[in-house]
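Reviewing the structure listed below.
The values are calculated or read from the model by the stated rules, or taken from the named source; none is laboratory data. Note that the coordinates shown come from a computational prediction; the quantities given were computed from them, not determined experimentally.
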Amino acid sequence: MSTPTEFTSAAADRDPVQEARDHLEQALAALDRLREVLPPAGSTPPPEARGGDPA
């Protein structure tokens, strides 16, 4: 089990701003990938995706 001193020194080695920046960069990369896959926001979904009964 780790002692409180080990925990504090490990926490002091990390830069919270850099960690947040890394997470934001990962989120932006994921959004970019979604933009490549998903249709534009203004396009209408196919009829079967709207949930309406055609007849």
### Query
Restricting attention to segment 6-14, does a residue exist that is more than 28 Å from the chain's Cα centre (by Cα), at pLDDT below 95 and among the hydroxyl-bearing types (Ser, Thr, Tyr)?
yes
### Message
Among (1) over 16 Å from the mean Cα position of the chain (by Cα); (2) at pLDDT 65 or above; (3) assigned to a helix (DSSP H, G or I), there is one condition residue 39 misses while meeting the rest; what is its number?
### Response
(3)
### Summary
Of 48, 25, the only residue that is modelled with pLDDT of 85 or more and assigned to a helix (DSSP H, G or I) is 25
